[in-house]
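As structure tokens, the structure follows; a few thoughts come after it.
Here, each number is a calculation from the coordinates, and none is a lab measurement. Quantities reported herein were computed from a predicted structural model and do not represent experimental measurements. Counting neighbours? That spans all protein chains shown, and the Cβs are built from the backbone with ideal geometry, glycine included.
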Amino acid sequence: MEGALAISGAGINIRGMSKSFVESLQAYARLAVHVGVNLQKGQRLMVRAPIEAAPLVREITACAYDAGAPLVSVLYHDDQLSLARFQHAPKDSFETFPEWQADALLACAKRGDAFITVSGTDPDLLGGQNPDDVAAAMRSGQKHMAPFMAYPMSDRVAWCVISMPIPAWAAKVFPGMSAEESQLKLWDRIFTTCRVDQADPVQAWKEHIANLQLRSRYLNERRFHTLHYRGPGTDLRLGLPAGHIWKSAESVSTSGITFVPNMPTEEVFTLGDRNRADGVVKSSKPLNYGGTLIDDFSITFSGGKAVQVTAKKGEATLRKLIETDEGSARIGEIALVPHSSPISKSGLLFYNTLFDENASCHLALGKAYRFTLEGGKEMDDVTFANAGGNNSLVHVDFMIGCPGMDIDGLNEHDRPEPIMRNGEWVILT
Ligand code: ZN
Ligand code: ZN
């Protein structure tokens, strides 16, 4: 709790920033409420956050009430309670899930509430626990949460994921510093990558969103049939289904609210054809999956399905992830991020998908976002699958971008057109 104490006092200054820390925290909260979920007058807000995020959540709450929210609800969680479960709970109990949580979130989604998630966990929290127990708990959680998750996954509600440095995470990113120093440093990086340090953060976001939209619009006009990735340890062809839609930054909810689901965001993304992935892809950053680190891994695909995996670290967890269900062995998301993105340029490994995925081209195993396929939101599971869309309990992003990565877009006659060279955009430059 030292972190919460360190950030709750007014007047702490972060090096190189003119605004006080508290002002930055308030600006960050405003971004989450006004740009992130774009909260509407009369709309309720549900916040999910680690207990260490309390000072930030209080700012978000105040801002949401100022914006006219009739009610802000908060669900806090605590890494140490998750750990205690794996250390002390009966071995046969890991399928047990607090149904009331899933029911409450589903009720909020049905009412059209907005959802802010503050992500922040210890990347090594469950590294020493039995992978079978961790997988059982995760699978049960995913199963119980599936009816709720269908809402954000198909943009039926406005939602936004932001982050904050909890002590264990900050220590992992900046080892060898005091707890307070590493957290302030990580705050500084989060504020920079989320443009909180700009004179007018809301305006800065508008310009950033417009830039990303230029590329997604261009890719949508090209209607590529296949992408071909080549780089160190990677030679992969990924099919794009007919009707795929490249998206970036902004989404629109069913009720017409424009929102930004991820802050930061640097990606332009779509879905892959569940039956057309062939070749091998090598990871370029470690993957934190449910508290276990998977590192230095390769996945070989054939006919869309992962048929072989190797990992220097966390191979058992990677296998468990891929074996979750039929769709977890297939690609649900394809995302392009230039190697020169601000997050990549920071040179840091964040051990947090929200940041690391925005530093690097990535793919996701599992569920595809319905809104990345024309008519996808209205399709049932079978129709979506027949159109090439993948379905699964999981959606796990893993990073593959690197300075040596070349990506071509191919039309149906296999005629290539360069999209990226050496990890950088070669379109619209
Ligand atoms: Zn992504
Ligand atoms: Zn993703």
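Of all DSSP-defined beta bridges confined to the chain, some 75% are antiparallel rather than parallel.
For each pair in Lys285/Lys313; Lys247/Lys377; Lys143/Lys282, compute the distance between the two Cα atoms and list the pairs where it is over 18 Å.
Result: Lys143/Lys282 exceed 18 Å.
Calculated from the alpha-carbon coordinates, the chain shows an Rg and a Dmax of 20.7, 62 Å respectively.
Which value, in Å to one decimal place, does the Kirkwood hydrodynamic radius take for segment 96-194 when every pair of different Cα atoms is included?
One over the average 1/r among Cα pairs gives 15.9 Å for segment 96-194.
Using only C-alpha atoms and all pairs of different ones, pull out the Kirkwood radius for segment 316-368 in Å with one decimal.
Result for segment 316-368, one decimal place: 12.2 Å.
Less than 5 angstrom separates the built amide H of Ile245 from those of Leu271, Leu373, Glu374, all sequence-distant by 5 or more or on a different chain. Within the listed set Asn38, Asn211, Asn390, the residue fluctuating most in the Gaussian network model of the chain (springs between alpha-carbon atoms under 10 angstrom) is Asn211. Calculated [222 nm] ellipticity per residue, helices only, for the chain: -10000 deg cm²/dmol; basis is -39500 (n - 2.57) per DSSP H run with n ≥ 4, divided by all residues, nearest 500. Taking N as the residue count of segment 130-262, its C-alpha radius of gyration divided by 2.2 N^0.38 Å amounts to 1.39.
Each part gets one Cα centre, and for segment 286-308 versus segment 222-263 those centres are 20 Å apart.
Taking the chain as a Gaussian network of alpha-carbon nodes connected by springs under 10 Å, the highest mean-square fluctuation of the residues Ser93, Ser24, Ser344 belongs to Ser93.
Within the straight-line cut-off of under 12 Å between alpha carbons, the aspartates and glutamates reachable from Lys345 are Asp356, sequence neighbours fewer than 8 places apart in one chain being disregarded. All alpha carbon pair distances within segment 389-429 were sorted into 10 Å bins beginning at 0; the resulting P(r) in whole percents reads 24, 34, 33, 9. Remark: segment 355-429 projects, on average over all directions, an area of 6.7 nm² (convex hull of Cα atoms). Among Gly68, Gly389, Gly327, the largest mean-square fluctuation in a Gaussian network model of the chain (Cα springs under 10 Å) belongs to Gly68. Our summary of shape: the Cα atoms of segment 59-136 have principal axis extents of 46, 24, 16 Å, ordered from largest down, in whole angstrom. Here the average projected area of the convex hull drawn through the C-alpha atoms of segment 17-58 stands at 3.6 nm². Remark: Glu23, Glu250 ranked as Glu23, Glu250, counting other beta-carbon atoms within 10 Å and listing the fewest first.
Each of Arg415, Arg274 has some number of other Cβ atoms within 10 Å of its Cβ, and from fewest to most they run Arg415, Arg274.
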